[in-house]
1. Please figure out what share of the DSSP beta bridges in the chain is antiparallel and state it in percent, rounded to the nearest 5.
2. Taking the Cα centre of the chain as the origin, how large is its charge dipole in debye, to the nearest 20, when only Lys and Arg (+1) and Asp and Glu (-1) carry charge on their Cβ atoms?
3. Which of 33, 61, 49 sits closest to the plus end of the dipole of segment 16-76, meaning its Cα is farthest towards the positive end, when Lys and Arg get +1 and Asp and Glu get -1 on the C-beta?
4. Give me the Debye-computed log₁₀ of I(q)/I(0) at q = 0.20, 0.23 Å⁻¹ for segment 259-332, equal point scatterers on Cα only, no solvent, two decimals.
5. Can you give the FRET efficiency to the nearest 0.05 for residue 256 and residue 20, using r as the Cβ-Cβ distance and R₀ = 41 Å?
6. Projected onto the charge dipole of segment 87-131 (+1 at Lys/Arg Cβ, -1 at Asp/Glu Cβ, origin at the Cα centre), which of 91, 103, 122 gives the Cα projection farthest towards the positive end?
7. Taking the mean number of other Cβ atoms within 10 Å as a proxy for protection, how do you rank 68-81, 14-27 from highest to lowest?
8. State the Cα centre-to-centre distance between segment 1-67 and segment 83-108 in whole Å.
Amino acid sequence: MPGEVDLDELATRATKAAQDWAPGCTIDGVVPLTGGASSLTFTAHVTSGPSGVETVVLKVAPPGLEPVRNRDVARQARLMRALDDAEGVRVPSVFFEDDGTPPEVPPFHAMNVVAGECLEPILQPPPPDVLPLVPQRAFAAARMLAALHRVDPQAVGLTGERETSLEGEIKRWTRAFETVDETMNARYLEADELLFATMPPALPPAICHGDYRLGNMLCDGGEVAALIDWEIWSLSDPRLDLAWFLFFTDEAKHPMASNPGPTGMPTADALYAEYVNASGVEPADFEWFHCLIRYKEAAATSLLMKRVLKSGDPSVGDGNSGAIRALTVECIERLQHFAPAR
């Protein structure tokens with residue numbers, strides 16, 4: 001189980017780590033920010049730092065757990081440093097970091113504070129003054145995704161990163177289905193078989209965020225100020241990111257959508273066209289990726305429900321089980337009418 005972060009110790013470690021960044025500075029006043037389960041986020045006050053920098057954000061791996069996979073904050077920092085000068089891509093700037101001695105003393109990195117708000121329109125009703133800005137944000141996000149996928153991983157120093165194949169992506173979610181009971185994994189093997197049978201040729205791996213949507217961005221007005229929460233980034237087929245982004249539109253009928261009112265989101269077709277226009281390339285066999293991300297969402301939701309049911313709250317189980325089955329069936333039915341271009 002993860003332990004508690006000693007805030008005074010974290011401030012002391014941050015002050016020491018910050019000396020190469022700003023000699024003579026002091027870091028104190030560490031307070032937690034809400035959100036984030038795979039890593040812990042804090043703000044801290046900076047004294048005698050660079051001009052204009054009074055606060056930093058500290059991203060810390062959970063104490064007591066090995067900083068691997070989505071808890072690997074050093075890997076996240078490496079990615080953001082690599083993208084710091086990427087044209088058309090905005091990420092927080094990493095100021096300094098410390099490797100710690102995990103798992104007891106967790107690693108962390110420090111970033112700038114990016115002004116903006118984080119809002120996922122299909123999950124949270126946009127305030128009246130924000131609703132007209134949502135289309136601008138969504139189109140800006142589509143253009144930024146194209147810019148992210150244009151970045152050459154080797155050119156920005158990301159050699160040696162393991163690539164995630166399409167085969168690996170299917171197997172990951174099939175393994176998830178294998179761990180839940182039959183009320184949540186109906187017909188998953190049929191979907192798995194169809195995904196493999198119709199799998200198109202992979203594109204060269206690109207930098208993929210892994211959970212690309214407005215809810216993982218800080219927006220200022222109609223602009224995307226920063227793409228955040230890089231816990232599950234990978235080198236993968238770029239169509240995975242694009243299909244996931246388009247899943248968070250009204251017509252996709254995302255099973256977790258909880259905003260009954262207007263979202264302001266453009267249509268998936270309009271966002272797809274914006275991405276294609278910005279990238280200059282129309283992705284081949286894109287329908288298959290719509291199917292894969294529905295399989296992914298069904299499996300991920302089944303894992304979430306397994307944890308909820310273990311906590312002793314069965315009241316939310318039936319509705320979500322139906323949503324899981326519907327996603328799996330949709331994946332199967334769409335794949336039955338799909339043939340990849342060869």
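1. 95
2. Working: 28 positive and 49 negative charges, 79 e Å.
Using Cβ point charges on Lys, Arg, Asp and Glu, the chain gives about 380 debye.
3. 61
4. Log-scaled intensity ratios, in q order: -0.96, -1.04.
5. E between residue 256 and residue 20, to the nearest 0.05, is 0.45.
6. 122
7. Details: 68-81: 19.1, 14-27: 16.4.
Averaged packing, sorted descending, gives the order 68-81, 14-27.
8. Value for the Cα centre distance between the two parts: 11 Å.
The values are calculated or read from the model by the stated rules, or taken from the named source; none is laboratory data. As the structure is a prediction and not an experimental result, all values here were calculated from the model. Heads up, the Cβs are rebuilt from the backbone with ideal geometry, glycines too, and the neighbour counts pull from every protein chain shown. In case anyone asks, the SASA skips ligands and DNA or RNA and just uses the protein heavy atoms, side chains included. Shrake-Rupley method; radii C 1.70, N 1.55, O 1.52, S 1.80 Å.
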